[in-house]
Amino acid sequence: MAASSDKNDDKRPRQFSFIPLEGKKLETLENKETKEFLSKWNLNNLNYQCYSFDKHFQSYQKDDFFLDFFQDPSVYSTLYVTSSSAKVLVQRVLGTAAGSVEVTSIPCTTLSMTFFDRLYTEGIVRESHQICKCFDEYYEGFQISDELRKMLLLEDSDNYEEYTDDERNEFLFRLFKHLCLGGPVCQFEDSVKPYLDITKSLYRDLVNVQKDPSTKKLLITSLVFSVTAYDKDRFPIYPGDKEHEQTFAYVVIDPLKRHVSVLSHKHGGSIW
């Protein structure tokens, strides 16, 4: 459920402070083959940045945490945002404090890629990993040429209900969907394997998993949020100035390491 923080008061006591970890990279995004796929899918402006914070964090503090984050000069002077200029995307630092922040908790409970096994059993993907084709149609600017994108986008498709609304809201499913849909000049894959492989790699890089010492079961300790920052006039300034399925900012908090990982993307052309 989304929550909004509208405490635009310079005297408001800050609970959290942040330091950019400029040398910290996301291994997946540094991989040459991954970069080639992201460029092919018109997702080469996918951006990752990491920050540390100074106090223990709990979920109920999320509104204050993110308002502190977007009003911290160490953040808004270093956090990259992608803006449009003459139909070309340009990366720049945010450069201004947010007046308010909308925060949505994103479930992150999936521990195995078997989550996607049902793609192979319902006529969406063949055993050879080839994606089943369909007649072309268009939905909200997306070209749908196969059963995978049909399942991802069309509620009246035969396979839409293979994943429940709760499953579709999972962070793992969201990453997979973003990769599959790509940008406005995306060159789609015939095989589902690159989408699954990069989804798995991103998820592993972003999400921390630990073994419970008493039950010996694996547990995800990271907390994931979707965020939108606004200026004092409630105009969206991050991750983009217009809402779109492929414009997003996910913030993954590791409460043990006190790290904030930001994965963002703005729908549009290529970065210049």
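The values are calculated or read from the model by the stated rules, or taken from the named source; none is laboratory data. Small disclaimer: the values here were computed from a predicted structure and weren't measured. In this analysis, Cβ positions are derived from the backbone assuming ideal geometry, glycine residues included, and neighbour counts consider all displayed protein chains. The area values use the complete protein model at the heavy-atom level, side chains included, leaving out ligands, DNA and RNA. Shrake-Rupley method; radii C 1.70, N 1.55, O 1.52, S 1.80 Å.
Within the range 88-125, restricting attention to residues that are of a type in the set (Asp, Glu) and at pLDDT 95 or above, which residue is nearest to PRO73 (Cα to Cα)? Walk me through it before giving the result.
In the first step, residues of the range 88-125 are kept if they are of a type in the set (Asp, Glu); the result is 102, 117, 122.
Keeping just the survivors that are at pLDDT 95 or above gives 102, 117.
On the way: GLU102: 19, ASP117: 45 Å.
Filtering first and then ranking leaves GLU102.
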> Which members of the range 251-266 meet the condition of being more than 17 Å from ASP63 (Cβ to Cβ) and either part of a strand (DSSP E or B) or open to solvent by less than 50 Å² (accessible area, probe 1.4 Å) (or both)?
Replying inline: VAL252, ASP254, HIS259, SER261, VAL262, LEU263, SER264, HIS265, LYS266
>> Restricting to the range 166-194, name every residue that is part of a helix (DSSP H, G or I) and of a type outside the set (A, V, I, L, M).
In response: ASP166, GLU167, ARG168, PHE171, PHE173, ARG174, PHE176, LYS177, HIS178, CYS180, LYS193, PRO194
> Which condition number does GLU122 fail, the rest of (1) of a type outside the set (Phe, Trp, Tyr); (2) more than 23 Å from SER222 (Cα to Cα); (3) touching a Ser or Thr at 6+ places or on another chain (Cβ under 6 Å) being met?
Replying inline: (3)
>> Filter the range 105-139 down to the residues that are touching a helix residue (DSSP H, G or I) at 6+ places or on another chain (Cβ under 8 Å), assigned to a loop (DSSP other than H, G, I, E, B) and open to solvent by 60 Å² or more (accessible area, probe 1.4 Å) and list them by number.
In response: GLU122, ARG126, GLU127, HIS129
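Looking for something exposed (fewer than 14 other Cβ atoms within 10 Å of the Cβ), in contact (Cβ under 8 Å) with a residue 24 or more places away in the chain and over 21 Å from the mean Cα position of the chain (by Cα) - is there at least one such residue anywhere in the range 41-54? Break it down stepwise before answering.
Quick first cut of the range 41-54, residues exposed (fewer than 14 other Cβ atoms within 10 Å of the Cβ) only: 54.
From what's left, in contact (Cβ under 8 Å) with a residue 24 or more places away in the chain: 54.
Narrowing further to those that are over 21 Å from the mean Cα position of the chain (by Cα): 54.
The answer is yes; a qualifying residue exists.
If you check ASP197, ASP158, which single one turns out to be among the charged types (D, E, K, R), closer than 19 Å to ASN42 by Cα and either open to solvent by 70 Å² or more (accessible area, probe 1.4 Å) or assigned to a strand (DSSP E or B) (or both)?
Working: ASP158 fails: closer than 19 Å to ASN42 by Cα.
The conditions single out ASP197.
Quickly run through the range 203-236 and pick out the residues that are aliphatic (A, V, I, L, M), crowded, with 19+ Cβ neighbours inside 10 Å and part of a strand (DSSP E or B). Let's see the steps before the verdict.
Initial filter on the range 203-236 (aliphatic (A, V, I, L, M)): 206-207, 209, 218-220, 223-224, 227, 229.
Those left that are additionally crowded, with 19+ Cβ neighbours inside 10 Å: 206-207, 223-224, 227, 229.
Listed by number, the residues that qualify are LEU223, VAL224, VAL227, ALA229.
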>> Given the criteria charged (D, E, K, R) and under 22 Å from the mean Cα position of the chain (by Cα), does ARG118 qualify?
In response: no
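Out of all the residues in the range 140-154, which are outside any helix (DSSP H, G or I), of a type in the set (D, E, K, R) and at pLDDT 95 or above? Give the steps one after another, and end with the answer.
Let us first name the residues in the range 140-154 that are outside any helix (DSSP H, G or I), namely 140-146, 154.
Now restrict to residues that are of a type in the set (D, E, K, R): 140, 146.
Listed by number, the list holds a single entry, ASP146.
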>> Criterion first (farther than 30 Å from LEU256 by Cα and of a type in the set (Ser, Thr, Tyr)) does TYR138 satisfy it?
In response: yes
> Can PHE248 be described as among the aromatic types (Phe, Trp, Tyr), closer than 17 Å to LEU179 by Cα and under 11 Å from the mean Cα position of the chain (by Cα)?
Replying inline: yes
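Here is a yes/no grid of residues against (1) among the hydrophobic types (A, V, I, L, M, F, W, C); (2) over 23 Å from the mean Cα position of the chain (by Cα); (3) within 27 Å of VAL185 (Cβ to Cβ):
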residue: GLU122; (1), (2), (3): no, yes, no
residue: HIS129; (1), (2), (3): no, yes, yes
residue: ASP158; (1), (2), (3): no, yes, no
residue: THR164; (1), (2), (3): no, no, no
>> Report every pair of residues separated by at least 6 positions or lying on different chains whose Cβ atoms are under 9 Å apart, first residue within the range 135-152 and at positive phi, second in a helix (DSSP H, G or I) and open to solvent by 20 Å² or more (accessible area, probe 1.4 Å).
In response: none
> Which residues, taken from the range 40-66, are in contact with a strand residue (DSSP E or B) (Cβ under 9 Å, 6 or more places away or on another chain), part of a helix (DSSP H, G or I) and of a type outside the set (Asp, Glu)?
Replying inline: SER59, LYS62, PHE65, PHE66
